[in-house]
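Here is the structure we will look at, set down as C-alpha coordinates.
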Amino acid sequence: MSVVGLGTWQLGADWGNVDDDTAGEVLDAALDAGVTLLDTADVYGGGRSEERIRRALAPRSDRPFVATKAGRQANPHTADQYSADNLRGWVDQSRRNLGVDTLDLVQLHCPPTEVYSDQRVYDALDRLVEEGAIAAYGVSVETVAEGLTALQHPGVQTIQVILNIFRRKPLEELLPAAQKAQVGILARVPLASGLLTGKYDETTSFAPDDHRNFNRRGEAFDVGETFAGVPFEVGVAAARQVAEIAGDAPTAAFALRWVIDQPGVTTVIPGARSVEQVRGNVAAAALPPLTTTQLADLERVYDERVRAHVHDRW
(Lines give C-alpha, C1' and ligand atoms only; values in the text may rest on other atoms or scores of the structure.)
Protein backbone atom coordinates (compact mmCIF):
# COMPACT_ATOMS: atom_id res chain seq x y z
CA MET A 1 0.00 0.00 0.00
CA SER A 2 1.08 3.62 -0.41
CA VAL A 3 3.36 5.00 2.32
CA VAL A 4 1.05 8.03 2.53
CA GLY A 5 -2.58 7.16 3.14
CA LEU A 6 -5.56 9.34 3.98
CA GLY A 7 -7.16 9.62 7.40
CA THR A 8 -10.86 10.49 7.10
CA TRP A 9 -11.94 11.55 10.59
CA GLN A 10 -12.34 15.08 9.21
CA LEU A 11 -14.77 13.80 6.58
CA GLY A 12 -17.12 12.71 9.34
CA ALA A 13 -17.02 15.19 12.20
CA ASP A 14 -15.02 17.13 14.81
CA TRP A 15 -12.91 19.21 12.38
CA GLY A 16 -15.40 21.89 11.45
CA ASN A 17 -17.82 21.59 8.55
CA VAL A 18 -16.81 19.53 5.51
CA ASP A 19 -19.68 19.22 3.03
CA ASP A 20 -20.38 16.31 0.70
CA ASP A 21 -18.84 17.96 -2.36
CA THR A 22 -15.62 18.83 -0.56
CA ALA A 23 -15.38 15.35 0.93
CA GLY A 24 -15.78 13.83 -2.52
CA GLU A 25 -13.11 16.11 -3.96
CA VAL A 26 -10.68 15.19 -1.18
CA LEU A 27 -11.23 11.47 -1.68
CA ASP A 28 -10.94 11.72 -5.47
CA ALA A 29 -7.75 13.77 -5.21
CA ALA A 30 -6.19 11.23 -2.86
CA LEU A 31 -7.06 8.25 -5.04
CA ASP A 32 -5.97 10.04 -8.22
CA ALA A 33 -2.64 10.85 -6.56
CA GLY A 34 -1.96 7.19 -5.85
CA VAL A 35 -3.20 6.82 -2.27
CA THR A 36 -4.19 3.18 -1.72
CA LEU A 37 -5.13 3.26 1.98
CA LEU A 38 -8.12 5.06 3.46
CA ASP A 39 -8.57 4.98 7.23
CA THR A 40 -11.97 5.62 8.75
CA ALA A 41 -14.20 4.61 11.70
CA ASP A 42 -17.84 3.86 12.32
CA VAL A 43 -18.17 6.79 14.73
CA TYR A 44 -16.76 9.46 12.42
CA GLY A 45 -19.93 11.44 12.00
CA GLY A 46 -22.05 8.43 13.00
CA GLY A 47 -21.02 6.59 9.83
CA ARG A 48 -20.84 9.66 7.58
CA SER A 49 -17.15 9.14 6.79
CA GLU A 50 -17.68 5.50 5.81
CA GLU A 51 -20.70 6.39 3.66
CA ARG A 52 -18.78 9.12 1.86
CA ILE A 53 -16.02 6.64 1.09
CA ARG A 54 -18.61 4.22 -0.33
CA ARG A 55 -19.98 6.92 -2.63
CA ALA A 56 -16.51 7.98 -3.77
CA LEU A 57 -15.50 4.42 -4.60
CA ALA A 58 -18.76 3.41 -6.33
CA PRO A 59 -17.79 4.60 -9.84
CA ARG A 60 -14.17 3.40 -9.59
CA SER A 61 -12.72 0.12 -10.73
CA ASP A 62 -9.54 0.60 -8.69
CA ARG A 63 -10.51 -0.12 -5.09
CA PRO A 64 -8.08 1.00 -2.36
CA PHE A 65 -7.53 -0.74 0.96
CA VAL A 66 -10.10 0.61 3.44
CA ALA A 67 -9.35 0.30 7.14
CA THR A 68 -12.14 1.07 9.57
CA LYS A 69 -12.45 0.99 13.35
CA ALA A 70 -15.07 -0.27 15.79
CA GLY A 71 -15.93 -0.01 19.46
CA ARG A 72 -16.41 3.66 20.25
CA GLN A 73 -20.16 3.30 19.72
CA ALA A 74 -20.30 1.44 23.01
CA ASN A 75 -22.32 3.33 25.60
CA PRO A 76 -21.05 3.21 28.25
CA HIS A 77 -17.57 2.73 26.75
CA THR A 78 -16.53 -0.09 29.06
CA ALA A 79 -14.68 -3.36 28.53
CA ASP A 80 -17.80 -5.51 28.95
CA GLN A 81 -19.33 -3.86 25.86
CA TYR A 82 -16.76 -5.60 23.64
CA SER A 83 -18.85 -8.75 23.40
CA ALA A 84 -19.04 -11.06 20.38
CA ASP A 85 -22.57 -9.83 19.62
CA ASN A 86 -21.61 -6.16 19.78
CA LEU A 87 -18.50 -6.68 17.67
CA ARG A 88 -20.58 -8.47 15.05
CA GLY A 89 -23.16 -5.67 15.09
CA TRP A 90 -20.54 -2.97 14.65
CA VAL A 91 -18.87 -4.90 11.83
CA ASP A 92 -22.18 -5.45 10.04
CA GLN A 93 -22.99 -1.76 10.28
CA SER A 94 -19.63 -0.81 8.73
CA ARG A 95 -20.15 -3.36 5.96
CA ARG A 96 -23.45 -1.65 5.14
CA ASN A 97 -21.95 1.83 5.35
CA LEU A 98 -19.06 0.89 3.06
CA GLY A 99 -21.17 -1.29 0.78
CA VAL A 100 -18.96 -4.38 1.01
CA ASP A 101 -19.37 -8.01 2.06
CA THR A 102 -15.91 -8.20 3.63
CA LEU A 103 -14.16 -5.36 5.45
CA ASP A 104 -10.45 -5.13 4.59
CA LEU A 105 -9.37 -4.30 8.13
CA VAL A 106 -11.21 -3.67 11.39
CA GLN A 107 -9.30 -2.04 14.24
CA LEU A 108 -10.45 -1.95 17.86
CA HIS A 109 -10.92 1.77 18.34
CA CYS A 110 -8.91 2.71 21.43
CA PRO A 111 -10.94 0.54 23.79
CA PRO A 112 -10.49 0.40 27.58
CA THR A 113 -7.01 -0.92 28.35
CA GLU A 114 -8.20 -4.28 29.69
CA VAL A 115 -9.74 -5.16 26.31
CA TYR A 116 -6.28 -5.58 24.76
CA SER A 117 -5.61 -8.58 27.00
CA ASP A 118 -9.08 -10.18 26.74
CA GLN A 119 -8.75 -13.37 24.70
CA ARG A 120 -12.52 -13.54 24.21
CA VAL A 121 -12.36 -10.39 22.10
CA TYR A 122 -9.71 -11.86 19.83
CA ASP A 123 -11.65 -15.12 19.59
CA ALA A 124 -14.69 -13.16 18.41
CA LEU A 125 -12.59 -11.34 15.82
CA ASP A 126 -11.08 -14.62 14.64
CA ARG A 127 -14.59 -15.96 14.06
CA LEU A 128 -15.46 -12.91 11.97
CA VAL A 129 -12.37 -13.57 9.84
CA GLU A 130 -13.35 -17.23 9.43
CA GLU A 131 -16.84 -16.21 8.36
CA GLY A 132 -15.53 -13.70 5.81
CA ALA A 133 -17.06 -10.63 7.45
CA ILE A 134 -13.58 -9.15 7.86
CA ALA A 135 -10.32 -9.99 6.10
CA ALA A 136 -8.09 -8.96 9.00
CA TYR A 137 -8.08 -7.10 12.28
CA GLY A 138 -5.82 -4.85 14.28
CA VAL A 139 -5.90 -2.35 17.12
CA SER A 140 -5.74 1.40 17.52
CA VAL A 141 -3.98 2.33 20.76
CA GLU A 142 -3.35 5.35 22.95
CA THR A 143 -0.28 3.98 24.76
CA VAL A 144 2.79 1.93 23.96
CA ALA A 145 1.87 -0.55 26.69
CA GLU A 146 -1.47 -1.24 24.99
CA GLY A 147 0.28 -1.89 21.70
CA LEU A 148 2.78 -4.28 23.27
CA THR A 149 -0.08 -6.20 24.90
CA ALA A 150 -1.89 -6.51 21.58
CA LEU A 151 1.25 -7.87 19.93
CA GLN A 152 1.03 -10.94 22.15
CA HIS A 153 -2.03 -12.06 20.16
CA PRO A 154 -1.08 -13.66 16.83
CA GLY A 155 -4.24 -12.58 14.99
CA VAL A 156 -3.36 -8.88 15.29
CA GLN A 157 -2.16 -7.69 11.87
CA THR A 158 -1.79 -3.95 12.46
CA ILE A 159 -1.30 -1.39 15.21
CA GLN A 160 -2.39 2.20 14.78
CA VAL A 161 -0.58 4.65 17.04
CA ILE A 162 0.07 8.38 17.34
CA LEU A 163 3.54 9.09 15.98
CA ASN A 164 5.10 12.40 14.97
CA ILE A 165 8.06 14.66 15.61
CA PHE A 166 6.45 15.70 18.91
CA ARG A 167 5.35 12.17 19.90
CA ARG A 168 8.32 9.76 19.84
CA LYS A 169 7.80 7.14 22.51
CA PRO A 170 6.61 4.42 20.08
CA LEU A 171 10.09 4.45 18.52
CA GLU A 172 11.69 2.95 21.63
CA GLU A 173 9.86 -0.38 21.98
CA LEU A 174 6.64 -0.59 20.00
CA LEU A 175 7.93 -0.16 16.46
CA PRO A 176 10.84 -2.60 16.89
CA ALA A 177 8.49 -5.17 18.47
CA ALA A 178 5.96 -4.76 15.66
CA GLN A 179 8.69 -5.17 13.05
CA LYS A 180 9.86 -8.37 14.71
CA ALA A 181 6.30 -9.71 14.74
CA GLN A 182 5.72 -8.59 11.12
CA VAL A 183 2.80 -6.43 12.22
CA GLY A 184 2.00 -3.28 10.25
CA ILE A 185 2.12 0.19 11.80
CA LEU A 186 -0.37 2.89 10.80
CA ALA A 187 0.93 6.23 12.09
CA ARG A 188 -1.89 8.61 12.97
CA VAL A 189 -1.91 12.31 14.02
CA PRO A 190 1.38 12.67 12.08
CA LEU A 191 1.02 16.45 11.83
CA ALA A 192 -0.05 16.90 15.46
CA SER A 193 -3.52 18.09 14.36
CA GLY A 194 -1.97 20.63 12.01
CA LEU A 195 0.69 22.06 14.31
CA LEU A 196 3.41 20.54 12.13
CA THR A 197 2.16 22.28 9.02
CA GLY A 198 3.83 25.41 10.39
CA LYS A 199 0.75 27.46 9.48
CA TYR A 200 -0.55 28.21 12.99
CA ASP A 201 0.41 30.97 15.38
CA GLU A 202 -0.69 31.93 18.89
CA THR A 203 -3.73 33.78 17.50
CA THR A 204 -5.09 30.91 15.38
CA SER A 205 -8.66 29.99 16.32
CA PHE A 206 -10.82 26.99 15.43
CA ALA A 207 -14.53 26.45 14.89
CA PRO A 208 -16.67 25.51 17.92
CA ASP A 209 -17.25 22.01 16.48
CA ASP A 210 -13.53 21.44 15.86
CA HIS A 211 -11.82 19.21 18.46
CA ARG A 212 -8.82 21.57 18.35
CA ASN A 213 -11.12 24.01 20.10
CA PHE A 214 -13.12 21.78 22.46
CA ASN A 215 -10.67 18.99 23.38
CA ARG A 216 -7.41 20.75 24.20
CA ARG A 217 -7.40 19.34 27.73
CA GLY A 218 -9.11 16.05 26.93
CA GLU A 219 -12.61 17.26 27.73
CA ALA A 220 -14.28 14.99 25.13
CA PHE A 221 -11.77 12.17 24.50
CA ASP A 222 -8.10 11.36 25.00
CA VAL A 223 -6.12 14.60 24.84
CA GLY A 224 -3.42 12.86 22.78
CA GLU A 225 -5.73 12.99 19.77
CA THR A 226 -5.59 16.80 19.82
CA PHE A 227 -2.22 18.39 19.00
CA ALA A 228 -0.68 15.04 20.07
CA GLY A 229 -1.30 16.14 23.65
CA VAL A 230 1.14 19.06 23.39
CA PRO A 231 -0.12 22.41 24.74
CA PHE A 232 -1.02 24.57 21.74
CA GLU A 233 1.34 27.46 22.49
CA VAL A 234 4.24 25.06 23.12
CA GLY A 235 3.56 23.29 19.84
CA VAL A 236 3.35 26.52 17.85
CA ALA A 237 6.74 27.65 19.10
CA ALA A 238 8.32 24.25 18.44
CA ALA A 239 6.76 24.06 14.97
CA ARG A 240 8.49 27.32 14.01
CA GLN A 241 11.81 25.65 14.67
CA VAL A 242 10.74 22.58 12.69
CA ALA A 243 9.94 24.87 9.75
CA GLU A 244 13.43 26.36 9.94
CA ILE A 245 14.99 22.90 9.91
CA ALA A 246 12.84 21.90 6.92
CA GLY A 247 14.39 24.71 4.89
CA ASP A 248 12.97 24.80 1.37
CA ALA A 249 10.78 21.73 1.89
CA PRO A 250 7.12 22.32 2.82
CA THR A 251 6.89 21.88 6.57
CA ALA A 252 3.98 19.42 6.47
CA ALA A 253 5.63 17.17 3.88
CA PHE A 254 8.90 17.35 5.81
CA ALA A 255 7.13 16.27 9.03
CA LEU A 256 5.42 13.40 7.21
CA ARG A 257 8.76 12.33 5.71
CA TRP A 258 10.14 12.04 9.25
CA VAL A 259 7.38 9.54 10.05
CA ILE A 260 7.85 7.60 6.81
CA ASP A 261 11.56 7.26 7.57
CA GLN A 262 11.00 5.53 10.91
CA PRO A 263 11.77 1.79 10.69
CA GLY A 264 8.62 -0.27 11.01
CA VAL A 265 6.13 2.34 9.75
CA THR A 266 3.89 0.91 7.04
CA THR A 267 1.76 3.94 6.21
CA VAL A 268 1.26 7.43 7.59
CA ILE A 269 -2.38 8.58 7.58
CA PRO A 270 -2.69 12.38 7.66
CA GLY A 271 -6.10 13.91 7.21
CA ALA A 272 -6.92 16.57 4.65
CA ARG A 273 -9.79 18.99 4.19
CA SER A 274 -8.86 20.24 0.72
CA VAL A 275 -7.38 19.01 -2.53
CA GLU A 276 -4.31 21.15 -1.92
CA GLN A 277 -3.71 19.50 1.44
CA VAL A 278 -4.02 16.05 -0.11
CA ARG A 279 -1.45 16.83 -2.77
CA GLY A 280 0.89 18.39 -0.24
CA ASN A 281 0.69 15.31 1.96
CA VAL A 282 1.27 12.87 -0.90
CA ALA A 283 4.33 14.87 -1.94
CA ALA A 284 6.07 13.68 1.24
CA ALA A 285 6.65 10.30 -0.37
CA ALA A 286 8.83 11.92 -3.02
CA LEU A 287 11.03 13.86 -0.59
CA PRO A 288 14.48 12.43 0.12
CA PRO A 289 15.02 10.86 3.55
CA LEU A 290 15.96 13.37 6.22
CA THR A 291 19.66 13.92 6.80
CA THR A 292 21.52 13.00 9.96
CA THR A 293 21.84 16.70 10.78
CA GLN A 294 18.10 17.31 10.32
CA LEU A 295 17.22 14.35 12.50
CA ALA A 296 19.55 15.56 15.24
CA ASP A 297 18.12 19.09 15.03
CA LEU A 298 14.57 17.78 15.31
CA GLU A 299 15.48 15.66 18.33
CA ARG A 300 16.99 18.73 19.97
CA VAL A 301 13.76 20.70 19.41
CA TYR A 302 11.82 17.84 21.01
CA ASP A 303 14.18 17.63 23.99
CA GLU A 304 14.33 21.37 24.59
CA ARG A 305 10.79 22.44 23.70
CA VAL A 306 8.39 19.50 23.93
CA ARG A 307 9.56 16.62 26.11
CA ALA A 308 8.73 18.27 29.44
CA HIS A 309 5.13 18.80 28.32
CA VAL A 310 4.38 15.25 27.13
CA HIS A 311 1.91 13.48 29.43
CA ASP A 312 3.43 10.71 31.60
CA ARG A 313 0.79 8.26 30.30
CA TRP A 314 2.55 8.18 26.93
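The values are calculated or read from the model by the stated rules, or taken from the named source; none is laboratory data. Just so it is clear, the model here is predicted, and its values are computed rather than measured. With ideal geometry, Cβ positions are generated from the backbone for all residues, glycine too; neighbour counts draw on all protein chains shown. These accessible areas exclude ligands, DNA and RNA; they are computed on the full protein's heavy atoms, side chains included. Shrake-Rupley method; radii C 1.70, N 1.55, O 1.52, S 1.80 Å.
Structural remarks
- Calculated FRET value between Thr203 and Gln262, using beta carbons and R₀ = 25 Å, to 0.05: 0.15
- With all protein chains modelled, accessible area of Lys169 [1.4 Å, Å²]: 80
- Segment Asp28..Arg55, full-extension length gain: 8.7 nm, with 0.36 nm per residue of separation and the alpha-carbon distance subtracted.
- 15 Å beta-carbon shell around Arg88, net charge (K/R +1, D/E -1): -4
- The length gained by stretching the chain between Ala308 and Glu130 to full extension, at 0.36 nm per residue less their Cα-Cα distance, is 59.4 nm.
- Per residue value of the accessible surface for the chain (all protein chains in place, 1.4 Å probe), Å²: 43
- Annotation: extensible slack from Leu148 through Leu171 equals 7.0 nm (criterion: 0.36 nm per residue apart, minus Cα-Cα distance).
- FRET efficiency for Glu276 and Thr78, using Cβ-Cβ distance with R0 set to 45 Å, rounded to 0.05: 0.60
- For a straight C-alpha distance cut-off of 14 angstrom, the aspartates and glutamates reachable from Lys169 (same-chain residues fewer than eight places away being disregarded) are Glu142, Glu146, Glu299, Asp303, Asp312.
- Share of carbon and sulfur in the accessible heavy-atom surface of the chain [1.4 Å probe, %]: 46
- Of the residues Ile159, Thr197, Gln179, the one whose Cα sits farthest toward the positive end of the charge dipole of region 158-241, with +1 on the Cβ of Lys and Arg and -1 on the Cβ of Asp and Glu, is Gln179.
- Computed E for Thr102/Asn17 - FRET, C-beta separation, R0 41 angstrom, nearest 0.05: 0.80
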